[in-house]
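Notes follow the structure.
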Amino acid sequence: MPLGLIALALGGFGIGLTEFVIMGLLPEVSADFNVSEATAGWLISGYALSVVIGALFLTAAVTHLPRKPVLASLMVLFIAGNLLCAIAPDYSTMMIGRVIAALCHGAFFGIGAVVAADMVAPNKKAGAIAIMFTGLTAANVLGVPLGTLLGQHAGWRSTFWAITAVGVIALVGILLLVPKIRHERSAGLRGELQAFKSRQVWLSIAVTVLGYGGVFGAFTYIAFTLTNVSGFDPSSVPWLLILLGVGLFIGNTLGGKAADRNVDKTLMVILPALVVILAVFALTATNQPMTIASLFLMGGIGFATVPGLQMRVMKWATAAPTLASGANIGAFNLGNALGAWLGGVTITAGLGYTSPIWAGAGLTLLAVGVMAFAAVDGRKSDAKKLTRPSAVDHASQHEPAIPAAL
């Protein structure tokens, strides 16, 4: 395994930690800045919106530049944003720091996925992307609980100092371990935009929004489900979320290996399986042993989609994958927002704390439908490429045709 993948995974770990750890520190941040809980919550929403903006516009701005220096520069931006959060004297400065850190999120994962795939053989590209995203899963499994614990005992600023240190280490790793891509050619912004003429790119992005939105529709309100429906003590929730995170880690790894064999077949197995596990979870949430099993499977099956979803966009973007890859990272976050919003709507409507899980299952079922259409359409596109006449064929079009069977 190329050591550069470890450096990219460490960068992903820091970024994942920045995104999610604030959830456990909102009470401390709210009290320190003397703002309401809802106002403090904008530190999460503002980050998510900035991720989408950065995934599109920042990636577009740097797409013509060599990728290794861009990754290093993005990590410098990440360090600056978290450092500003650590020393922020007021809420507005904290928000600026969150926005700065978030801008690098989509571009880092989008460009990093392309770089990771370029480090390995063609039959191992999805696995390499999975390794990079392992940093994100590790942030959920270990980073968020430990970061929250550190912030609660040493002050919330200590967590952001720690994240800044992770960023510095990742920056050094990228500079030392990520190789320069030889004869790297950039399609330029105009060339990168050509990728969006492909219907398959848009279909892949739609599957990402719906499939990942389904996972987060269930995940966002999972604490309420565990305590109010399953009957777990609130003190058990962090440990149950670690179990979910272990499932994420395993699913990400196995999903990457499966996608290397066949992306479309992998997604057409995993997405329906996710619908089933979400439905089973919703139906059996009052049973604690079944809830524990469902949590693990939801994490594993849900995150097993990630390498395939990212690889599919890059496959159909062909020679200009950078901007499309970044856009798909934005699609993951758009899916997060969609799933969380829909789950909130169902709770507000009085449908109970299993309703976000049903909403997630519904979104994922839509993803299955879009993916099925995309797979069929993709096979037709591949068939057209194989049968399209070449220049030689045109030159000999008046010669007797050779039977296809020969």
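Laid out as a table, the results:
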read-out	value
Cα principal axis extents for region 20-116, largest first, Å	44, 21, 20
Orientation-averaged projected area, Cα convex hull of region 233-348 (nm²)	8.3
Axial C-alpha extent at least 24 Å, average Kyte-Doolittle at least 1.0 - helices from the chain (DSSP)	3-20, 37-53, 67-87, 91-118, 156-177, 199-219, 237-261, 263-283
Extended-chain gain in nm, criterion 0.36 nm per residue less alpha-carbon gap, residue 237 and residue 379	46.7 nm
Relative packing of peptides 203-211, 116-124 - highest average C-beta neighbours within 10 Å first	203-211, 116-124
Relative pair counts by distance (%), Cα atoms of the chain, 20 Å bins	27, 56, 14, 3, 0
Average projection area in nm² (convex hull over Cα atoms of region 202-258, one quarter of hull surface)	4.7
Residue 36 versus residue 90: modelled label distance in nm, points set 7 Å from Cα along the beta carbon direction	2.0
Stretch gain in nm, segment residue 287-residue 176, where the contour uses 0.36 nm per residue and the Cα spacing is subtracted	34.9 nm
Neighbour-limited loop hits for GluC sites (Glu not before Pro), region 1-109 (at most 13 other Cβ within 10 Å; DSSP other than H, G, I, E, B)	none
Whole-number accessible area per residue in Å² for region 16-88, which is evaluated in the context of all protein chains at 1.4 Å	40
Given 125/197; 180/257; 197/380; 180/315; 68/197, the pairs whose alpha carbons are separated by over 20 Å	125/197; 180/257; 180/315; 68/197
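The values are calculated or read from the model by the stated rules, or taken from the named source; none is laboratory data. Quick caveat: nothing in here was measured; it's all calculated off a predicted structure. All Cβ positions, glycine included, derive from the backbone under ideal geometry; neighbour counts span all protein chains shown. Note: accessible area is taken over every heavy atom of the protein model, side chains too, but ligands, DNA and RNA are not part of it. Shrake-Rupley method; radii C 1.70, N 1.55, O 1.52, S 1.80 Å.
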